[in-house]
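As structure tokens, the structure follows; a few thoughts come after it.
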Amino acid sequence: MSRIELLDQAQRLLFDEAAALDQRRWDDWLALYTEDCEFWVPAWKSEDVPTGDPGSEVSLVYYDSRAGLEERVWRIQSAAAPAHRVLPRTCHAISNVRLLDAAADSLAVHATWRVDSYKEKTATSLFGYYDYRLAGQPGAWRIARKKITLVSDCVPSYFDLYQV
Amino acid sequence: MDMRVTEAAHPALTDPGRYFVDRPAERRFNVHRDLFRDTALFELEMAHVFEASWVYLCHESQLPNAHDYYTTHIGRTPVVVMRGADGALRGFVNACPHRGTRLYTARAGNSQVQMCPYHAWCFDSAGRCVKIKDQPQAGYAAAFDQQSHDLKRLGRLASYQGFVFGALPADVPALEDYLGDTRFFIDTFAEQSAQGMEILPGEVSYVFRANWKLQVENTMDIYHLTTVHSTFAKIVQQRGAREAAAAGADQVRAVNLGALSSQEQGTYTFPHGHTVFWGTDPLRENRALWAMRPDLLARGVDPHRVEWMFRPRVLNFFPNIQFVDSACMQLRVIRPLAADRTEMTMFCLAPRGEPAAGRRRRLRQYEDFFNASGIATPDDVACYEDIHAGGLGDAQGEWIQGFARGMEKAIDGPDAHARDIGIRPLESCSGVEIQDETVFRGFYREWLARMQAAGGTPARAARQARA
């Protein structure tokens, strides 16, 4: 399969994930991830350097399996969390998608993102980079690792996984 | 004298009854809603609460080497703490004396000589002006040469157990006296490793749209845990069940809030507005520190302190830092930006030399509860913002109905636990399921005493007038 076709498949997966989050199709979102996926949003240790080791440095979010994502989905839908009484509308924009590496069962993908959130007549935005590792085979990829570098890390109030 | 403060006749300085009803004999304490929204009051708070005495600045581990620096604020004033060539820490206003340009722009770094970006005046790491560009041929008068061009030094800078505090004025109490018996609680944060403590890399910050005092209250507030953090409690419970099913898989485990609320707990109020909440952790063996407990006892740390290291506890240092230890330790630094805007910066404090598995668990517990991207703190912040979004409840009258819970249970002086550990709080409240609110009073009484002192009433007289 050509790199162009693999890049196209990777992009579709990224865009499908964005649509699932913006449309609040949480189960569809979870289904894009492998059970043993790693989901990581590093913090920053200086103006220029994000944290690099979740074992010894602080992250904003770190999960080493899909269970963490499932907890978030349960919480968002529980109607019991004050932070989620009204969900913001979100709009994921993904661009600059690059295929960094392609193997028979794995793709490494980098992209730039911006998510605008809108709640109670107030708009906020967060932006940064995605680094994905997709696992599976051509035509059937799932997310085995997603690293979200949040460039704008002094956030307004708080955020959850569907806002990055 | 800060010339920005022009509200000399503001009621906060002259009329205590405008903001508080404080009648201990009637068991009555109320706070007026304006305390959280008056924009003129905000400037007075900056001048008399934040810029008039000690505030927390940083931890010594953040600037270990000669010429290291760390930037922060005291109220509205940008501040830089530097370690000189002699190894000593000094604090300065972070601005060039020439035109007021901020000198150090990065959060932290290492700089033997710092050049002002505007006109290239240079300063060494002891704050001395070492160069004024083109000085010899510039035509400066003798009056200029007679002035000091060094950086403006903070009135006071001192450390306790590695925590660095500073004050703009020099006429403040000695730091140890200002901390008083809260030092016992700081010791329970600072003495967890024979190798000392460190701030882990990764500073997390967020800005919420609410008054800073709501953050102070929240961290003393046991009453909110079972409602605001019900989803957190449920998730922790589900993890426990999953973990049991998986027999030994190391999932994130954290304090059981439901159980915490029904265990013995209490609050202490100390002089200078400091307050403490403590509880009983039914799952203390889940703490990363548990593995280090034998070492703590073996190296002779006071067994009382070791015992208290495993109690959930929070020390609110008046006015700007919260030492929190629920499952793991957190330092929360409060920086008010406006009456309705507050910047929080959070640090993960950990014992040096901790085993890798414990360190990993500590980090996951920290992120889980404390981060603004976690599953607990966002709910606290949402509640502060809902208080403001509700206009602080104008239609319900002027006085907030908090601060009443536990009123019949609070006592003057130490309770049995306090006597046990040899500390003398002004007030204590302890028991099971009390979820005390009376502890907020200590914070507000100090707040008012500061304002009254600025208005010409000495703090002691203000306290006596109340009694």
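The values are calculated or read from the model by the stated rules, or taken from the named source; none is laboratory data. All values derive from a computational prediction rather than experimental measurement. Heads up, the Cβs are rebuilt from the backbone with ideal geometry, glycines too, and the neighbour counts pull from every protein chain shown.
Considering only segment B:333-340, I want to know if a residue exists there that is facing chain A (nearest Cβ under 10 Å), modelled with pLDDT of 95 or more and closer than 21 Å to B:G162 by Cα.
no
Suppose we filter A:D105, A:D101, A:D116 for residues that are away from chain B (no Cβ under 14 Å), in contact with a strand residue (DSSP E or B) (Cβ under 8 Å, 6 or more places away or on another chain) and closer than 29 Å to B:I387 by Cα; which single one remains?
A:D116
Quick check on B:S61: is it within 17 Å of the chain's Cα centre (by Cα) and of a type outside the set (V, I, T)?
no
Please report, ordered by residue number, the strands (runs of 3 or more DSSP E) entirely within segment A:4-110 with at least 2 residues that are β-branched (V, I, T) and over 13 Å from A:L161 (Cα atoms).
Filter on segment A:4-110 gives A:89-103.
With respect to the numbered conditions (1) within 24 Å of B:H272 (Cα to Cα); (2) buried (at least 20 other Cβ atoms within 10 Å of the Cβ), which one is the sole condition not fulfilled by B:R362?
Tallying (1) within 24 Å of B:H272 (Cα to Cα); (2) buried (at least 20 other Cβ atoms within 10 Å of the Cβ), B:R362 fails exactly one: (1).
Would you mind telling me which numbered condition in (1) closer than 30 Å to B:W447 by Cβ; (2) out of contact with any strand residue (DSSP E or B) (no Cβ under 7 Å at 6 or more places or on another chain) B:D86 fails?
With respect to (1) closer than 30 Å to B:W447 by Cβ; (2) out of contact with any strand residue (DSSP E or B) (no Cβ under 7 Å at 6 or more places or on another chain), B:D86 is out only on (1).
If I filter segment A:73-109 down to residues being under 15 Å from the mean Cα position of the chain (by Cα) and hydrophobic (A, V, I, L, M, F, W, C), which single residue comes out as surrounded by the fewest Cβ atoms within 10 Å (Cβ to Cβ)?
The qualifying residue surrounded by the fewest Cβ atoms within 10 Å (Cβ to Cβ) is A:A93.
Would you check which residues across segment A:119-163 are more than 11 Å from chain B (Cβ to nearest Cβ) and of a type in the set (V, I, T) and list them?
Correct list: A:I143, A:T149, A:V151.
From the list B:E398, B:E437, exactly one residue is more than 14 Å from chain A (Cβ to nearest Cβ) and either polar (S, T, N, Q) or under 30 Å from B:V204 (Cβ atoms) (or both). Which is it?
Checking each option against the conditions leaves just B:E437.
Which residue, of A:V97, A:V86, is within 21 Å of A:R145 (Cα to Cα) and among the β-branched types (V, I, T)?
A:V97
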